[in-house]
1. Which length gain, in nm to one decimal place, applies between residue 212 and residue 199 when the Cα-Cα distance is subtracted from 0.36 nm times their residue separation?
2. How long are the semi-axes of the ellipsoid equivalent to the range 221-309, from square roots of 5 times the Cα gyration tensor eigenvalues, in whole Å, largest first?
3. State the antiparallel share, in %, of DSSP beta bridges confined to the range 2-170, rounding to the nearest 5.
4. Taking every pair of alpha-carbon atoms in the range 66-191, what share in percent sits in each 10 Å bin, from 0 to the bin with the longest distance?
5. Using only DSSP helix segments of four residues or longer, with each worth -39500 (n - 2.57), what per-residue ellipticity at 222 nm results for the chain after dividing by its residue count and rounding to 500?
6. Tell me the relative contact order for the range 174-318 as a rounded percent, counting alpha carbon contacts under 8 Å between residues six or more apart.
7. Measure off 7 Å from each Cα along the Cα-to-Cβ vector at residue 125 and residue 46, then give the distance between these two points in nanometres to one decimal.
8. Take every Cα pair under 8 Å in the range 50-144 that's 6+ residues apart, average their separations, divide by the length, and report that relative contact order as a whole percent.
Ligand code: ACO
């Protein structure tokens, strides 16, 4: 069960107009192609683990728990503070914890969906009692600010959820995480990757993307895992109350929604104000939709994501 959701966005907002001063682009081009108006950018000295901790504290407050109650921390991130240790152990330290286990999960934009399914397995197998699952990114640090094809697409942020096992009453009501479908295919790695790393260049590198290729694969792969998660739990698209997709760009979200036959009002969209925050995008969108009262206890919610690797996945949750 998801007990609480929280999020954090860095203070600095970078608008399309400001970006147009850095590269040859325009507000009109960006809004038309990807539906992004602005993004948040982490301040100098503000690291992924800081964003993660800020979101985690809000999720724990919403769940009515403290760090003492958490025994598993998973941070889904592509932009850890250091090559090692994991951002998750830094979060653990910053929360004042000495107990439990913490690790990072790297599935790029699909990281949060992978992490929710992973935490659920740990909980169901008795390896942990209560999990803090965080998606946190300072993706701006991986951007080549001279490449207009990528730098306009991404932003920084973090979102977090507290998860534990559903109790008997909740189980009887069919609540909790009902199903997940996770996929990857490494043959597509060069379509979206960062051209550096500890074992190759010894440097962090920058995001490189074949945008049209990513677009071409996105809608089909997303809808495939959404149908799979629905089928496993014996539901159909018509049963969904909310569709909370990875916020990569509005055309992909609209394309997936249309292919699934979902009414646009059931689709949660935050890409206009957050841009693509990679692993943080789904928990950020969840946080917005819970805070504004759209997602309520008992609602049937589908989360999904697709990203570098390629990786893609979906989870169906009875809230
Ligand atoms: N501003 C103005 N012009 C631009 C910009 C920009 N920011 N970026 C590219 N262009 C130009 C190109 O240089 C090209 O110009 P040319 O015709 O003179 O050569 C023209 O626009 C068309 O370029 P394309 O790359 O063909 O544009 P396309 O219509 O494919 O749109 C886009 C590019 C928006 C990136 C699209 O391919 C897309 O949405 N892809 C999905 C990528 C994505 O969302 N990635 C996120 C990570 S993956 C994930 O999270 C799912």
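Coordinate-derived values only; no laboratory data. Because the structure is predicted, anything quoted here is derived from the model rather than measured. Every residue, glycine among them, receives a Cβ derived from its backbone with ideal geometry; neighbour counts consider all protein chains shown.
1. In short, 1.8 nm is gained.
2. That gives 19, 16, 12 Å for the three semi-axes.
3. Given both bridge residues lie in the range 2-170, the antiparallel proportion sits at roughly 65 percent.
4. For the range 66-191, the pair-distance distribution reads 12, 37, 32, 15, 4, 0.
5. About -9500 deg cm²/dmol.
6. Worked out over the range 174-318, it gives 37 percent.
7. 3.7
8. 40
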